[in-house]
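A short worksheet on the structure shown next.
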Amino acid sequence: MKTMTNKILTLIAVLSFTYFFVSCGGNTQSQQSKTNDSNKVEQSVNPDIVSFTVKDTKGTIRNSSEWIGKQPVVINIWGTWCPPCRAEIPAFVKAYEIYKKKGVEFIGIAVKDTPEKVIAFSEQNNMKWQMMMFSSDELVKRFKIQSVPTTIFVDRTGKVMKVFNPRTNSMTESFSGAMHYEQFTGYLDSLLTL
């Protein structure tokens with residue numbers, strides 16, 4: 001009886017986790033609509049420095065303290081299988097070339113992917129920033145992530161920058177949905193001033 005109960009609980013946990021990531025960001029057109037507040041930012045009132053661990057594509061456990069609190073950081077949670085994620089990649093590649101020189105660190109965290117797919121996809125699309133594999137729900141809980149792509153902006157002190165999120169029409173600690181280049185660089189410019 002215990003093994004049957006354990007199997008049912010495991011199935012429920014797997015289905016819940018899968019449901020969480022089934023939404024792949026929705027309609028990219030609606031997320032790319034411009035509003036007067038589209039680049040509005042605030043520093044989060046949450047005093048906690050962003051802290052998490054992930055595995056890189058080689059399986060090595062990495063700690064966010066390697067990046068967070070040392071320079072501005074962009075964390076992009078995405079998947080090779082996700083159309084809105086793929087749609088925003090050209091904007092990220094273009095911005096990376098400019099903002100890496102300004103000291104901004106980019107971290108990609110792939111969801112529901114294999115290291116081999118992430119490495120191949122990253123190389124094919126000129127994604128030169130560090131790629132990690134989603135391995136726990138630390139970020140999901142901390143930022144209430146409900147879909148991919150989701151982007152989080154962290155200032156040089158380790159505090160999260162709140163951004164205007166058109167999905168919720170409010171200021172949030174993460175941006176859900178695909179971003180266009182002007183929107184992304186607006187947030188990056190604001191990140192450099194915090």
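Where a number appears in this text, it was derived from the coordinates with a stated rule and is not lab data. Bear in mind that the values here come from a model prediction, so they are computed numbers and not experimental data.
Using amide H atoms built in the peptide plane, which far-off residues or other-chain residues are under 5 Å from Lys55 H to H?
Under 5 Å from the amide H of Lys55 lie the amide H atoms of Arg62, Met133, Ser135, each far enough along the sequence or on another chain.
State, as an integer percentage, the relative contact order of segment 49-194 based on alpha-carbon contacts under 8 Å between residues 6 or more apart.
31 percent
For the pairs Lys94/Lys162; Lys100/Lys144; Lys102/Lys128; Lys102/Lys159; Lys58/Lys102; Lys58/Lys101, note any where the Cα-Cα span goes beyond 20 Å.
Distance filter (> 20 Å) returns Lys94/Lys162; Lys100/Lys144; Lys58/Lys102; Lys58/Lys101.
Over 5 Å intervals from 0, what percent of Cα-Cα pairs in segment 74-194 sits in each interval?
Cα pair-distance distribution for segment 74-194, in percent: 2, 11, 23, 26, 21, 12, 3, 0.
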